[in-house]
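Read through the structure below, which is laid out as structure tokens, and then see the notes.
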Amino acid sequence: MYYTYILWSQKSKDFYYGYSEDLKKRFEEHNKGLSQSTAPYRPWKLVFYAAFETQKLAKDFEKYLKTGSGKAFAYKRFLNTEALKKDKLLGI
């Protein structure tokens, strides 16, 4: 399985979109600072993930989520932004 995921930075209050074949390992790498692009914004919370049968599907969905319409879709369907602003994950 391949996973597309959304992380939320408790420090910067921003989202990060990614994909991985090993979600648990990748999430740990983000929080250990092993990813240059996400290290300054630790700690991270996993707020959404979806599983796909192929790497192409996971990558395509990640690419979509990074677009304006993809972000709007994620905010409307997956992310409880009001709870996250209060640093709570209610309803996610």
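Over 21 Å, how big is the tail of the calculated P(r) for the chain, in percent of all Cα pairs?
That fraction is 29 percent.
For the chain, what is the relative contact order in percent, using Cα pairs closer than 8 Å and at least 6 residues apart in sequence?
Across the chain, relative contact order equals 31 percent.
Grab the Cα-Cα distance for Ala39 and Lys59, subtract it from 0.36 nm times how many residues apart they are, and report the gain in nm with one decimal. Mind dumping the intermediate values first?
Details: separation 20, 0.36 × 20 = 7.20 nm, distance 2.17 nm.
Using 0.36 nm per residue and subtracting the Cα-Cα distance, I get 5.0 nm.
Set the bar at 23 Å for Cα to Cα. Now go through Lys24/Lys76; Lys32/Lys76; Lys13/Lys76; Lys25/Lys76; Lys24/Lys63; Lys25/Lys63 and name every pair that lies beyond it.
From the list (Lys24/Lys76; Lys32/Lys76; Lys13/Lys76; Lys25/Lys76; Lys24/Lys63; Lys25/Lys63), the Cα-Cα distance tops 23 Å for Lys24/Lys76; Lys32/Lys76; Lys25/Lys76.
Every number here is computed from the coordinates shown, using simple stated rules; none is lab data. A quick note: this is a predicted structure, and the numbers were derived from the prediction, not measured.
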